[in-house]
Amino acid sequence: MIADSAGGQARGASTAPLRIGIAGLGTVGAGLVKLLRGNETIVAARAGRPITITAVAARDRTRDRGVDLSGLTWHDDAAALATDPDVDVVVELIGGAEGVARRLVTTALEAGRPVVTANKALIAVHGAELAALAERAGVPLMFEAAVAGGIPAIKTVREGLAADRLTRVGGILNGTCNYIMTAMRESGRPFADVLAEAQALGYAEADPSTDVDGIDAAHKLAILAGLAFGRPVAFASVHVEGIRGIDALDLDFARALGYRIKLLGLARRRDDGVEARVHPCLVPEKAPIAQVDGVFNAVVVEGAFVGRLMLEGRGAGEGPTATAVAADLIDVARGSAVPVWGRSADGLTQIEALPRTAFHEEYYLRLNVHDRPGVIADVTAVLRDHGVSLRSMLQHGRADAVPQDGTAGDPSVPLVLVTHRTRESAMMEALGRIAALSAVIGTPAMIRIDPG
Ligand SMILES: NC(=O)c1ccc[n+]([C@@H]2O[C@H](COP(=O)([O-])OP(=O)(O)OC[C@H]3O[C@@H](n4cnc5c(N)ncnc54)[C@H](OP(=O)(O)O)[C@@H]3O)[C@@H](O)[C@H]2O)c1
């Protein structure tokens with residue numbers, strides 16, 4: 001693409017208004033209408049031509065969305081936007097990996113229409129085939145809003161860092177989980193209480209499972225990993241653990257050890273493959289990512305030449321997300337687009353992420369044990385048998401003991417162990433044996449440690 005001196009417009013690109021059809025008028029869709037109208041002049045100047053909304057689709061035609069839809073064509077079937085003759089670009093803001101969103105995007109690409117979407121589930125699960133469709137049709141498929149909302153993560157990884165061999169990408173990719181973990185740490189309240197509060201404040205959905213079980217972060221991580229390593233990562237191979245199992249006690253012990261706990265997405269390039277995983281991590285409290293609190297997201301990227309960089313900002317909400325969608329529309333209007341995964345989709349096959357048995361980390365373990373002589377010796381003997389060496393240990397004495405039956409007699413105490421780096425397969429075997437020791441009560445908690 002050659003840019004001319006008048007506003008960076010691709011030479012030969014049209015100056016006629018770019019006509020868009022928006023499917024989905026919820027948080028992001030209504031936000032996009034407001035942004036395109038509120039910043040009409042700025043957007044037109046940067047796009048080199050006006051961007052106008054001609055058609056929309058949603059489920060409920062009568063719902064007040066706080067935006068004026070008069071004069072726009074309404075489609076009861078969102079997929080009809082794909083073939084509406086007054087629509088140049090389809091903007092998919094419905095969501096979901098299947099159903100109408102997938103049908104709309106597929107039909108639009110097959111019809112040779114550019115598509116802009118915020119749909120992380122769709123791109124994470126079907127990104128490889130959609131990229132091939134877009135490339136065959138010679139049209140862009142853009143999804144800046146799908147990862148970390150207002151943070152330009154996609155552009156940074158795919159374009160800004162295109163020349164480097166990236167070795168790591170990830171970060172705090174779910175604002176709901178980060179809000180919950182921050183509030184648990186600050187207030188000492190349990191997960192269930194803080195989740196209820198987040199739901200009341202609108203930071204968590206009525207059904208919070210996609211967020212708190214790590215699935216939303218995994219969708220974003222799979223996309224980032226695909227961009228960073230130049231090949232889509234099979235979503236089903238991403239290792240995912242959420243935050244339901246985090247006890248307020250772990251946040252306290254982490255603090256005592258000089259860490260904070262964050263739900264991180266981590267993708268690493270290794271000689272033997274690619275790791276892609278989402279799970280809670282202890283990160284040193286002085287690490288920049290440990291300071292990213294509340295609903296904020298952070299994207300961390302590392303490359304051989306660029307070193308490490310971190311972008312922080314709002315990962316959701318109508319303003320930040322609409323800004324990302326509009327940035328894609330400006331690119332389409334200017335005629336500038338890059339291949340979906342940063343390189344030709346021709347012959348691009350998915351890669352499977354490495355299994356968790358191949359992870360190699362430091363580990364935090366918290367056991368609830370009967371306060372009897374010899375318990376520590378039994379636990380450390382198992383770790384020794386599996387080649388796991390200990391870096392530090394915290395044990396609270398009888399003063400903190402909690403009787404299991406609420407009465408007297410053989411009370412339990414938490415025992416916290418921090419290991420040196422070890423293979424997760426060894427850790428899993430050792431934990432199985434430790435859980436079976438008669439002095440150990442319940443299931444031990446294990447959290448990986450990341451340098452941040
Ligand atoms: N919210 C965020 O901050 C955020 C951030 C980044 C990415 N995203 C992504 O952006 C997309 C939209 O999210 P959102 O938060 O805006 O969702 P939302 O508020 O739930 O809005 C979804 C919209 O889709 C419409 N819709 C649902 N099923 C439909 C169907 N079968 N046919 C036509 N329209 C249908 C709904 O119509 P009605 O209004 O009539 O019910 C609604 O307008 C999702 O892919 C999401 O993952 C969201």
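Derivation of every value follows stated rules applied to the coordinates shown; laboratory data play no part. As the structure is a prediction and not an experimental result, all values here were calculated from the model. Positions of Cβ are generated from backbone atoms using ideal geometry, with glycine treated the same way; all protein chains shown enter the neighbour counts.
Would you kindly state how much longer the chain becomes between Asp378 and Asp293 on full extension, computed as 0.36 nm times their sequence separation minus their alpha carbon distance, in nm to one decimal? Kindly include the intermediate steps, with their values, before the conclusion.
Details: separation 85, 0.36 × 85 = 30.60 nm, distance 3.85 nm.
Result for the pair: 26.8 nm of gain on full extension.
Roughly speaking, what is the centre-to-centre gap between segment 64-141 and segment 327-389 when only Cα atoms are used, to the nearest Å?
Segment 64-141 and segment 327-389 have Cα centres spaced 32 Å from each other.
How do the peptides 429-436, 47-54 rank, highest first, by the average count of neighbouring beta carbon atoms within 10 Å per residue? Each step should come with its number before you reach the end.
Values: 429-436: 17.1, 47-54: 19.6.
Those peptides, ordered most packed to least, come out 47-54, 429-436.
Could you compute how fast segment 118-175 diffuses translationally, taking Rh as the Kirkwood radius over C-alpha pairs and applying Stokes-Einstein at 25 °C with viscosity 0.890 mPa s? Give it in µm² per second.
Answer, rounded: 192 µm²/s.
Which lysines does Lys262 reach when only Cα atoms under 27 Å apart count, and residues fewer than 8 places away in its own chain are ignored?
Lys120, Lys155, Lys220, Lys286
Quick one: length gained pulling His420 to Lys34 fully straight, 0.36 nm per residue minus the C-alpha distance?
Values: separation 386, 0.36 × 386 = 138.96 nm, distance 5.20 nm.
Fully extending the segment from His420 to Lys34 adds 133.8 nm.
What does the convex hull of the Cα atoms come to per residue for segment 18-119, in Å³?
Output value, Cα hull per residue: 94 Å³.
For Ala118, list long-range residues whose amide hydrogen, built 1.01 Å from N in the peptide plane, is under 5 Å from its own amide hydrogen.
When sequence neighbours closer than 5 places are left aside, the close amide H contacts are Glu92.
Just to check I understand the Karplus step: with θ = phi - 60° and J = 6.51 cos²θ - 1.76 cosθ + 1.60, what whole-Hz values come out for segment 287-295, glycine and proline as x?
5, x, 5, 5, 7, 7, 10, x, 7
For the chain, place one equal point scatterer on every Cα, skip the solvent, and apply the Debye formula. What is log10 of I(q)/I(0) at q = 0.07, 0.11 Å⁻¹?
Scattering profile of the chain, log10 relative to I(0): -0.41, -0.88.
Run through the DSSP bridge list for the chain and note the antiparallel percent, rounded to the nearest 5.
Values: 53 of 76 bridges.
Taking every DSSP beta bridge within the chain, about 70 percent pair in antiparallel fashion.
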